[in-house]
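Q: Input: one structure, supplied below.
The values are calculated or read from the model by the stated rules, or taken from the named source; none is laboratory data. If you're wondering where the values come from, they're calculated on a predicted model, not measured in any experiment. So basically every Cβ, Gly included, is an ideal-geometry build from the backbone, and we count neighbours across all protein chains shown.
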Amino acid sequence: MLTDRDYRAVFEALPDATLVVDAEGVIRDLNPSALLMFGWSREEVEGSPVEMLIPAARRGRHDQHRLRHVEASSPPSMGQGRELRAVRKDGGTFPVEISESPGNLTSDPEHVICTIRDITCLERMRWLSRMKVTAAENERKHLSRELHDEFLQFLVAFTIRGKLLVDERDRDERERAWEVIADEILDAIRGVKRMIRGLRSPKLERQGLVSALATLFRDCRKVHGVTIHASVNLDWVADELDPVTILALYRIVQEAVTNAATHAGVSEAAVTLRSTDGAIIAEIRDEGRGFELPDSRAATDDDHIGLTGMRERAESVGGSLLVQTSPGQGTTVRAAVPMVGPEGER
């Protein structure tokens, strides 16, 4: 038979935040997990309205919900698995799943036991899943536009020129027509190679990070007319990095440089890579138009999905990403990733 002390020990050890709330919505008890989650002391919370843990904009609706529950003749379990937002002592909000059920306590049967679980990680996983689907769809749209605007148009033009060539009787005109067709075929081949490099970087695999970045910067000047002033001081480090870290660094720089070339409205940008204190720092800076940086706590929209991709790549290898920008003030992207060897050694 479990004693009251045993039940109290179980209550104190519960990993989820747990509150005991009376019929008036006043918190009468809570466990250490709740104190840790919300950042309040026991003295600050006990005897206070439960609405103190709810964002101000939602307190009225929660109060009405609680009253309906108390007045119900046969109160069902309140909001099993409801996903809401809670607020910490410092004012920060976070997503939670709340389960509420009648306490059936001997001292007061109208008490409600609230179990609260922080689902920030779950919400982030859902969001990342949506972003990955969106990214894949955007990539398909990008390839579709490239194929339509460049290669389909080339094939149509090639067909027309071929038909005209069949009817051409003048030898000199036929030779000139063949030269034009040959030049267009070479342009199409270059376009295909650009697309392949965008999806996969053979030079990165064959020659390493420094050489692949040099090719990326040359392509940026040829394709977009943007000059990249690069300072890559990695010495021997680049040859000793784990392939996953190398790929993450390359893709982050590639995305940031492409964004600067296509959205910043600049003719030049600066890229710096260096190793320091067991980490590699990559900084991409432009003096262009900048943009309004979305709230880090809000879901990123499609216009800024590139930021999500860069941040996700940095975090996937234990690093971090910082973006500094504002309208008219240029943009700086700074990625820091740990130096990890091919065998996982730092």
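Q: Name the pairs whose Cβ atoms lie under 9 Å apart, with the first residue in the range 313-337 and in contact (Cβ under 8 Å) with a residue 60 or more places away in the chain and of a type in the set (Ser, Thr, Tyr), the second in a loop (DSSP other than H, G, I, E, B) and buried (at least 19 other Cβ atoms within 10 Å of the Cβ), and 6 or more positions between them or separate chains?
A: That search, which allows pairs on different chains as well, returns Thr331/Ala264; Thr331/Gly288; Thr331/Gly290; Thr331/Phe291.
Q: If you take the residues of the range 33-44 that are among the hydrophobic types (A, V, I, L, M, F, W, C) and surrounded by fewer than 20 Cβ atoms within 10 Å (Cβ to Cβ), which of them is modelled with the lowest pLDDT?
A: Ranking the candidates gives Trp40 first.
Q: Is at least one residue of the range 214-224 among the hydrophobic types (A, V, I, L, M, F, W, C) and modelled with pLDDT under 80?
A: Pass one, the range 214-224, residues among the hydrophobic types (A, V, I, L, M, F, W, C): 214, 216-217, 220, 223.
Filter once more, so that each one left must be modelled with pLDDT under 80: none.
No - not one qualifying residue is present in the range 214-224.
Q: Tell me the residue from Val266, Val323, Val271, Val337 that is over 29 Å from Lys222 (Cα atoms) and modelled with pLDDT of 85 or more, please.
A: Val337
Q: Has the range 141-158 got any residue that is among the aliphatic types (A, V, I, L, M), over 30 Å from the mean Cα position of the chain (by Cα) and at pLDDT 75 or above? Walk me through it before giving the result.
A: If we filter the range 141-158 for residues that are among the aliphatic types (A, V, I, L, M), which is where we start, we get 143, 147, 152, 155-157.
Keeping just the survivors that are over 30 Å from the mean Cα position of the chain (by Cα) gives 152, 155-157.
Subsequent filtering for residues that are at pLDDT 75 or above retains 155.
Checking the range 141-158: at least one residue is among the aliphatic types (A, V, I, L, M), over 30 Å from the mean Cα position of the chain (by Cα) and at pLDDT 75 or above.
Q: In the range 151-173, how many are touching a residue at least 12 places away in the same chain (Cβ under 8 Å) and among the aliphatic types (A, V, I, L, M)?
A: Residues in the range 151-173 being touching a residue at least 12 places away in the same chain (Cβ under 8 Å) and among the aliphatic types (A, V, I, L, M): 3 in total.
Q: If you don't mind, there's one more thing I want to ask. Taking the residues in the range 1-32 that are under 15 Å from Met52 (Cβ atoms) and surrounded by fewer than 16 Cβ atoms within 10 Å (Cβ to Cβ) as candidates, determine which candidate is modelled with the lowest pLDDT.
A: This residue is Glu24.
Q: Out of all the residues in the range 50-81, which are among the charged types (D, E, K, R) and either touching a helix residue (DSSP H, G or I) at 6+ places or on another chain (Cβ under 6 Å) or at pLDDT 70 or above (or both)? I'd like the intermediate steps shown before the answer.
A: At the first step, the residues of the range 50-81 found to be among the charged types (D, E, K, R) are 51, 58-59, 61, 63, 66, 68, 71.
Listed by number, the residues that qualify are Glu51, Arg58, Arg59.
Q: Can I ask one more? Looking for something at pLDDT 80 or above, in contact with a Leu (Cβ under 9 Å, 6 or more places away or on another chain) and surrounded by 13 or more Cβ atoms within 10 Å (Cβ to Cβ) - is there at least one such residue anywhere in the range 115-136?
A: At the first step, the residues of the range 115-136 found to be at pLDDT 80 or above are 115-126.
After this cut, where a residue has to be in contact with a Leu (Cβ under 9 Å, 6 or more places away or on another chain) as well, the list is 115-116.
This time we only want the ones that are surrounded by 13 or more Cβ atoms within 10 Å (Cβ to Cβ), so: 115-116.
Yes: one or more hits.
Q: Here's a follow-up. Considering (1) modelled with pLDDT of 90 or more; (2) surrounded by 13 or more Cβ atoms within 10 Å (Cβ to Cβ); (3) more than 32 Å from the chain's Cα centre (by Cα), say which one Gly47 fails and leave the rest.
A: Single failed check for Gly47: (2).
Q: Let me ask something else about it. If we scan the range 290-304, do we find a residue that is at pLDDT 90 or above and outside any strand (DSSP E or B)? If you could, list the steps in order and put the result at the bottom.
A: Of all residues in the range 290-304, those at pLDDT 90 or above come to 290.
From what is left, the residues that are outside any strand (DSSP E or B) are 290.
Yes: the range 290-304 contains one or more residues that are at pLDDT 90 or above and outside any strand (DSSP E or B).
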